[in-house]
1. Just a yes or no: is a residue in segment 81-89 acidic (Asp, Glu) and at pLDDT 95 or above?
2. I'm trying to understand the selection: among the residues of segment 51-93, which are farther than 21 Å from residue 210 by Cβ and touching a residue at least 60 places away in the same chain (Cβ under 8 Å)?
3. Taking only pairs six or more apart or across chains, which ones have beta-carbon atoms under 7 Å, a first residue in segment 175-186 that is among the charged types (D, E, K, R), and a second residue that is surrounded by 10 or more Cβ atoms within 10 Å (Cβ to Cβ)?
4. Got a number for residues in segment 51-73 being under 12 Å from residue 93 (Cβ atoms) and either touching a Gly at 6+ places or on another chain (Cβ under 6 Å) or charged (D, E, K, R) (or both)?
5. Of these, 96, 89, 68, which one is buried (at least 17 other Cβ atoms within 10 Å of the Cβ) and within 30 Å of residue 127 (Cα to Cα)?
6. Take the residues of segment 168-193 that are among the charged types (D, E, K, R) and surrounded by fewer than 17 Cβ atoms within 10 Å (Cβ to Cβ): which is nearest to the chain's Cα centre (by Cα)?
7. Take residue 36 and tell me if it is assigned to a helix (DSSP H, G or I) and within 23 Å of residue 219 (Cβ to Cβ).
8. For residue 116, state whether it is out of contact with any Gly (no Cβ under 6 Å at 6 or more places or on another chain) and under 24 Å from residue 210 (Cα atoms).
Amino acid sequence: MDNFKLNTHISGQFNAELEHIRTEVSKMGGLVEQQLTNAIEAMHNQDSDLANHVIEGDKKVNKMEMDIDEACVRIIAKRQPAASDLRLIMVIIKTISELERIGDMANKICQTALEKFSHQPLLVNLESLGQHTVTMLHDVLDAFARMDLKDALCIYRENKKIDQEYEGIVRQLMTYMMEDPRTIPKVLTALFCARSIERIGDRCQNICEFIFYFVEGQDLRHQKGEMLEKLLAKDR
């Protein structure tokens, strides 16, 4: 977080509160990244102990989101921030919500591992897709810590590769199902896990959009296609 400088305020306490929140977001991001890494490993190796560890760890992720959210609300109430300070706090609130949902997906993958995999091993290898999303999450957390728009745009592009990999897995699973209808339960389990992993890439893209909002002060939700194409073309 050293490269991203906070505004300097008359109140040293205000500076300390903002820095504390950013530090907590960094800790939460690190925890969620570890949760996802462990979930992918538990799924690949059918490791029930590791899956249970991830499921238990989801409680800590949820608590961190609630604590950071409450701290942000207190700052808004006490300090009435404006301009970039307010944008930073709003972006933090949105980002921790995305991180919590990524944690939920890691949790669901592990629950599926415990319920299904011991009886019906996955038909396809999802480790490559999983590692791709772990890398994307790691990179976007790094870009968020520095509010680096250039890196965020590069990371945003990565989701296309994840989508293509996911589509290839879906086609493979559909082939299995058409060739042998008895594989349908296994196909559905693999599809659920693959879809959960693919959605994490979408969550990472959302965080990229939050970085854009903080740096440029513009909301991409209703214009992101046109705006991002211009930025991506300029960045090439």
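The values are calculated or read from the model by the stated rules, or taken from the named source; none is laboratory data. Remember, predicted model here, so these are calculated numbers, not experimental data. Don't worry about glycine lacking a Cβ; one is built from the backbone with ideal geometry, like all the others, and counts go over all protein chains shown.
1. So in segment 81-89, the residues acidic (Asp, Glu) come out as 85.
Within this subset, residues satisfying the condition of being at pLDDT 95 or above are none.
No, segment 81-89 contains no residue that is acidic (Asp, Glu) and at pLDDT 95 or above.
2. Within segment 51-93, 51, 52 meet the criteria.
3. Cβ pairs passing all conditions: 186/120; 186/123.
4. 3
5. 96
6. Narrowing segment 168-193 to residues among the charged types (D, E, K, R): 171, 179-180, 182, 186.
From what is left, the residues that are surrounded by fewer than 17 Cβ atoms within 10 Å (Cβ to Cβ) are 171, 179-180, 182.
Numbers: 171: 25, 179: 35, 180: 35, 182: 34 Å.
Only one residue tops the list, namely 171.
7. It is false that residue 36 is assigned to a helix (DSSP H, G or I) and within 23 Å of residue 219 (Cβ to Cβ).
8. No; evaluated as a whole, the condition is false for this residue.
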